[in-house]
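Chemist: Sharing a structure here in C-alpha cells format.
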Amino acid sequence: MNGDAASDALLAAVSLWLAWRVLAVRPGFALGSGLIGFAALLGTLEYLGFATARGPHAFTSIVAACAGLPLLAISLQWPQGITATRMTAAARFAVFAGGFGILLVGILQAALWAQLVPAASALLILFAALRSGRPLALAGALVLAASFVMSVLGWALPPLNGIQQLHVLMAIALSLLAAGSRQNGEPSTTRQT
C-alpha cells in the first residue's frame, strides 16, 4: 500500500470509528466525522489505483469540506444545539451545505469555497476549544489548524508528503477533539444502545 492510500485509510478508520462510537450521543459530530471518513475511504480506493473511485472521491471530498467540517464546528461550538443533538437537523444541514458546496465548487468552479469553509470551521473549532478550557480539545483544535496551515503553505515534515501529512494530522485532530470535547455526563465516546 502506498503512503497516500495508507494515510487516507488511517483517516477513514479513525473518522468512521469515531462516528460509530458517538452516534447515539452526538449525532452532529458523528455525521460530520462520518462524511470525512467516507471521503477518506473513497480516497483510499483511488490511491490504491481504482480509477472509478476518482469522481466519487472528488465529490465526497467537497461534501466533507463544505458540510462535514462545519458540522464538527457547529457540534463543538454549540453542543446543546439542535444540529449537534438531532440527526435529522444534522442531516438537513449536511444536505444543504454539501449541496451548496457542490454547486459552487463542482459546478461553478469556485474552488476557493472548499478552502474557506474548512478554514472558518477550524477557527470556530479553535474558539470552541479555547472556550471549553479542555486541554485535549485545545490540542485537537491546534493540530487541525496546523494541518490546514501547513497544507496551504506547502510544508510537509519528511517522510510524509503534503497529502499524507494532512490525512495523519486530521486523524490525530479528530481523535483529540472527540476525547477532549465530551459533554458533562456524557460517556467517554462509548456508543450507547
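The values are calculated or read from the model by the stated rules, or taken from the named source; none is laboratory data. Remember, predicted model here, so these are calculated numbers, not experimental data. Backbone-built Cβ (ideal geometry, glycine too); neighbour counts: all protein chains shown. We work out accessible area using only protein heavy atoms, side chains counted, and drop any ligands, DNA or RNA first. Shrake-Rupley method; radii C 1.70, N 1.55, O 1.52, S 1.80 Å.
Chemist: Can you name the residue in the range 100-116 that is part of a loop (DSSP other than H, G, I, E, B) and among the small types (Gly, Ala, Ser) and is also most open to solvent (accessible area, probe 1.4 Å) among such residues?
Modeler: Among them, the one singled out is ALA111.
Chemist: Would you mind stating whether ARG54 is open to solvent by 40 Å² or more (accessible area, probe 1.4 Å), part of a helix (DSSP H, G or I), out of contact with any strand residue (DSSP E or B) (no Cβ under 9 Å at 6 or more places or on another chain) and in contact (Cβ under 8 Å) with a residue 24 or more places away in the chain?
Modeler: It is false that ARG54 is open to solvent by 40 Å² or more (accessible area, probe 1.4 Å), part of a helix (DSSP H, G or I), out of contact with any strand residue (DSSP E or B) (no Cβ under 9 Å at 6 or more places or on another chain) and in contact (Cβ under 8 Å) with a residue 24 or more places away in the chain.
Chemist: Looking at (1) touching a helix residue (DSSP H, G or I) at 6+ places or on another chain (Cβ under 6 Å); (2) at positive phi; (3) of a type in the set (S, T, N, Q), which one does GLN109 not meet, given that it meets all the others?
Modeler: Failing condition for GLN109: (1).
Chemist: With (1) farther than 14 Å from GLY68 by Cα; (2) open to solvent by less than 80 Å² (accessible area, probe 1.4 Å); (3) in contact (Cβ under 8 Å) with a residue 24 or more places away in the chain as the list, and ALA119 as the residue in question, which single condition is left unmet?
Modeler: Of everything listed in (1) farther than 14 Å from GLY68 by Cα; (2) open to solvent by less than 80 Å² (accessible area, probe 1.4 Å); (3) in contact (Cβ under 8 Å) with a residue 24 or more places away in the chain, ALA119 misses just condition (1).
Chemist: Tally time: how many residues in the range 1-37 are hydrophobic (A, V, I, L, M, F, W, C), over 22 Å from GLN77 (Cβ atoms), out of contact with any Leu (no Cβ under 6 Å at 6 or more places or on another chain) and part of a helix (DSSP H, G or I)?
Modeler: Residues flagged as hydrophobic (A, V, I, L, M, F, W, C), over 22 Å from GLN77 (Cβ atoms), out of contact with any Leu (no Cβ under 6 Å at 6 or more places or on another chain) and part of a helix (DSSP H, G or I) within the range 1-37 amount to 8.
Chemist: Further question on the same structure: Between a first residue in the range 135-152 that is crowded, with 18+ Cβ neighbours inside 10 Å and a second residue that is of a type in the set (Ser, Thr, Tyr) and in a helix (DSSP H, G or I), which pairs have beta carbons less than 8 Å apart while being 6 or more apart in sequence or on different chains?
Modeler: Matching pairs, first to second residue: LEU138/SER132; GLY140/SER175.
Chemist: Considering only the range 153-174, state which residues are open to solvent by 80 Å² or more (accessible area, probe 1.4 Å), in a helix (DSSP H, G or I) and of a type outside the set (A, V, I, L, M, F, W, C).
Modeler: The answer is none; no residue qualifies.
Chemist: Considering LEU11, LEU18, LEU35, which residue is buried (at least 19 other Cβ atoms within 10 Å of the Cβ) and touching a Ser or Thr at 6+ places or on another chain (Cβ under 6 Å)?
Modeler: Of LEU11, LEU18, LEU35, the one residue that is buried (at least 19 other Cβ atoms within 10 Å of the Cβ) and touching a Ser or Thr at 6+ places or on another chain (Cβ under 6 Å) is LEU18.
Chemist: Please find, among ALA97, ALA84, ALA90, the residue that is in contact (Cβ under 8 Å) with a residue 12 or more places away in the chain, farther than 14 Å from ALA24 by Cα and either open to solvent by less than 20 Å² (accessible area, probe 1.4 Å) or touching a helix residue (DSSP H, G or I) at 6+ places or on another chain (Cβ under 9 Å) (or both).
Modeler: It is ALA97.
Matching residues to (1) crowded, with 22+ Cβ neighbours inside 10 Å; (2) over 14 Å from the mean Cα position of the chain (by Cα); (3) in contact (Cβ under 8 Å) with a residue 60 or more places away in the chain:
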residue	(1), (2), (3)
ARG26	yes, yes, yes
LEU31	yes, no, yes
ALA40	yes, no, yes
LEU45	no, yes, no
VAL63	yes, no, no
LEU72	yes, no, yes
TRP78	no, yes, no
